[in-house]
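Data first, discussion second: the structure below is written as structure tokens.
Coordinate-derived values only; no laboratory data. In this text the structure is predicted, and so the values were computed from the model without any measurement. For neighbour counting, all protein chains shown are included, and Cβ atoms are generated from backbone atoms with ideal geometry for every residue, glycine included.
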Amino acid sequence: MAHRIGGRKLSRKQGPRLALYKNLTVSVLRYERIKTTEAKAKEIRGRVEKMITLAKRGDLSARRAVIAEFPNEPLVVTKLFDEIAPKYADRTSGFTRIVHLGQRLGDSAPIVQIELV
């Protein structure tokens, strides 16, 4: 039985799915807004919020946790700690916004824009 196992599978096995989540999270933090499908945006929203919350702590253990999550993205880590985290110092949560853009022409998948507020 698969009790208490949540999340979307997105028709992928575990490895490619986790790689997709990491790449989308890095893209949101790098460009501060991306266009993707609604299911993918809802899935990475919590991951982006967790990284910003870690960066707001600002201590060494938080920085090491973010580096462990994104080991090949030093520019994203520095941007997260130097630019993004101070911008959200007064908030406790709600760092992202999902805006619906319509349907994709090929398969009518709902397309959204996930952005940092």
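Go through the range 107-117 and give me each residue that's assigned to a loop (DSSP other than H, G, I, E, B) and either under 17 Å from Arg30 (Cα atoms) or under 16 Å from the mean Cα position of the chain (by Cα) (or both). Steps first, answer last, please.
Filtering the range 107-117 for residues assigned to a loop (DSSP other than H, G, I, E, B) gives 107-109, 117.
Within the range 107-117, just Val117 meets the criteria.
Do any residues in the range 12-32 that are within 16 Å of Lys79 (Cα to Cα) have Cβ atoms under 6 Å from those of residues that are of a type in the set (Lys, Arg) and surrounded by 11 or more Cβ atoms within 10 Å (Cβ to Cβ), where the two are at least six apart or on different chains, and which pairs are they?
Note: pairs meeting the criteria are Thr25/Arg47.
Of all residues in the range 84-117, count the ones that are surrounded by 12 or more Cβ atoms within 10 Å (Cβ to Cβ) and either in contact with a Phe, Trp or Tyr (Cβ under 7 Å, 6 or more places away or on another chain) or among the charged types (D, E, K, R) (or both).
So the count comes out to 8.
If you go through the range 6-41, how many residues are among the acidic types (Asp, Glu) and in contact with an Asp or Glu (Cβ under 8 Å, 6 or more places away or on another chain)?
Taking the range 6-41 as the starting set, the residues that turn out to be among the acidic types (Asp, Glu) are 32, 38.
Keeping just the survivors that are in contact with an Asp or Glu (Cβ under 8 Å, 6 or more places away or on another chain) gives 32.
So the count comes out to 1.
Pairs only if they're at least six apart or on different chains, beta carbon under 8 angstrom, first in the range 67-83 and more than 17 Å from Arg33 (Cα to Cα), second hydrophobic (A, V, I, L, M, F, W, C) and crowded, with 17+ Cβ neighbours inside 10 Å; list them, first residue then second.
Ile67/Val77; Glu69/Met51; Phe70/Val26; Phe70/Val76; Phe70/Val77; Glu73/Val26; Phe81/Ala55; Phe81/Val66
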